Structures are given as structure tokens and as C-alpha cells.
1. Hey, does the stretch 153-167 have a residue that's touching a Pro at 6+ places or on another chain (Cβ under 8 Å), farther than 20 Å from Asp40 by Cβ and aliphatic (A, V, I, L, M)?
2. Considering (1) touching a residue at least 60 places away in the same chain (Cβ under 8 Å); (2) in contact with a Lys or Arg (Cβ under 9 Å, 6 or more places away or on another chain), say which one Ile64 fails and leave the rest.
3. Output the residues belonging to the stretch 153-177 that are in a helix (DSSP H, G or I) and either exposed (fewer than 15 other Cβ atoms within 10 Å of the Cβ) or under 13 Å from the mean Cα position of the chain (by Cα) (or both).
4. Any residue at all in the stretch 98-107 that's under 18 Å from Glu41 (Cα atoms), within 21 Å of the chain's Cα centre (by Cα), touching a residue at least 60 places away in the same chain (Cβ under 8 Å) and not in a strand (DSSP E or B)?
5. Which residue, of Arg97, Arg21, is in contact with a helix residue (DSSP H, G or I) (Cβ under 9 Å, 6 or more places away or on another chain), within 17 Å of Val116 (Cα to Cα) and open to solvent by 10 Å² or more (accessible area, probe 1.4 Å)?
6. Tally time: how many residues in the stretch 24-46 are under 25 Å from Leu86 (Cβ atoms), in contact with a helix residue (DSSP H, G or I) (Cβ under 8 Å, 6 or more places away or on another chain) and either of a type in the set (Ser, Thr, Tyr) or open to solvent by 40 Å² or more (accessible area, probe 1.4 Å) (or both)?
7. Can you find even one residue in the stretch 60-77 that is farther than 21 Å from Cys118 by Cα and open to solvent by 20 Å² or more (accessible area, probe 1.4 Å)?
Amino acid sequence: MTIRDILNEYDVILASASPRRKELMEYICTSFRVIPADCDETLPDDIAPEKAAQYLSKKKCECIAGVYQSSLVIGCDTVVICDGKLLGKPADEQDARDMLKTLSGKVHEVRTGVTVRCGSKELSFTEVTKVKFRVLSDETIDAYIASGEPMDKAGAYGIQGYGALLAEKIDGDFFNVVGLPVSELAERIKNSQFRSIA
């Protein structure tokens, strides 16, 4: 069976408001609903940065799966980690500027946590991609911020948009940087207990 055959057996819900994730989900699922999770995304004070994305993906998934208990719910969260520091979505333009200056000329990690739940069954994983940025001038950073693109993106950039011009090298899954490691998700579902759930 293909991943589409498998997912067509379920009422699939993507617990994300991201239009980019919705587009990527269409590669593996012909019919699904989008129901964004409205939950508290506060991280525990003692959580390690590398565990944040998976933690938040589980919270988002559980928020929707608690209501739609017979559906297959997919929750996701993407974070950027640079120099051991967690970079989420910028609070304002100055925050975006600070993030981009932090990333300038450096290699950072993009981590997307994915959690899938159907009834009492669950799988959860984190995909990691390394991205190296070019050295960014103040002019480049200001122009990018003026485009408005950084403001709703982890790490203050979108690799699928103008942010592609900031990156020098990508090591790993490109779509993971966009926000959903769709190939790994498909493989995990095909090879998991979800395949045999009626």
C-alpha cells in the first residue's frame, strides 16, 4: 500500500495553521482537514533546546486529538537552534533583526518535531537539518525584514521564500526546514502500528 492508500483509511487532521505544511501534506494525503491547535506553547524552564520542537508537537497534537479521538491527528512544530540558543518566531522587527544577525555566517540546526496520534496509538519524532547562512550585511537584513517574510517564521526566515537567498548550504531534508519532513513522516506511518489500525 502507498502512503496515500494508508491515510485514505482515516479522517486525517493537520493541527497546524501553516499554509506551507498544508501544501506538503497534499503530497501524501488526498483528503484531510486543517484544524489549528490553540494551546499553551510555553516551554518548561528546564527543557533542552533540542527537545523543544517534539515537546510542542505533542502538545499541539494532543490538543486536537483530545477532541477528535477517532481521527488521525498530526501536530508539528519547528524551531531553529544556533549556538545552543532556541530561536522561535520573532516578537517584532528588532527581534527578527537580532535573530538574523545571530545566524549570519553560521551553521544552525532546524528541528521539526512531529507527533501523530490516533486513539491510543502515537508516534513522535524529530527531524534535524543543518543550514549554513551567508554573511549577511545590515542592508540585506533590513531589506529582508521589510519584506515582512520573517515575522511568522522560526528563526526569522523562510527557506521557501526570499529566505532562500540567505542560505549558503543545506545539509539534510529541505522540506524539514520548510516545516514538515514529509518523506520521513510518510515512512514512519507506513512502518508503524498505524498501518494496521482499522
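The values are calculated or read from the model by the stated rules, or taken from the named source; none is laboratory data. Worth saying up front: this structure is predicted, and the values here are computed from it rather than measured. No Cβ is skipped: glycine too gets one built from the backbone with ideal geometry, and neighbour counts run over all protein chains shown. The accessibility values were calculated without ligands, DNA or RNA, using every heavy atom of the protein model including side chains. Shrake-Rupley method; radii C 1.70, N 1.55, O 1.52, S 1.80 Å.
1. yes
2. Against the list (1) touching a residue at least 60 places away in the same chain (Cβ under 8 Å); (2) in contact with a Lys or Arg (Cβ under 9 Å, 6 or more places away or on another chain), Ile64 comes up short only on (1).
3. Correct list: Ala154, Gly155, Ala164, Leu165, Phe174, Phe175, Asn176, Val177.
4. no
5. Arg21
6. Adding up the residues that qualify gives 5.
7. No: the stretch 60-77 contains no residue that is farther than 21 Å from Cys118 by Cα and open to solvent by 20 Å² or more (accessible area, probe 1.4 Å).
So that you can scan it fast, the table gives a plain yes or no per residue for (1) assigned to a strand (DSSP E or B); (2) within 15 Å of Pro49 (Cβ to Cβ); (3) touching a residue at least 12 places away in the same chain (Cβ under 8 Å):
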{"position": "Val79", "(1), (2), (3)": "yes, yes, yes"}
{"position": "Pro90", "(1), (2), (3)": "no, no, yes"}
{"position": "Val110", "(1), (2), (3)": "yes, yes, yes"}
{"position": "Val116", "(1), (2), (3)": "yes, no, yes"}
{"position": "Ser124", "(1), (2), (3)": "yes, no, yes"}
{"position": "Glu139", "(1), (2), (3)": "no, no, no"}
{"position": "Asp142", "(1), (2), (3)": "no, no, yes"}
{"position": "Ile145", "(1), (2), (3)": "no, no, yes"}
{"position": "Met151", "(1), (2), (3)": "no, no, yes"}
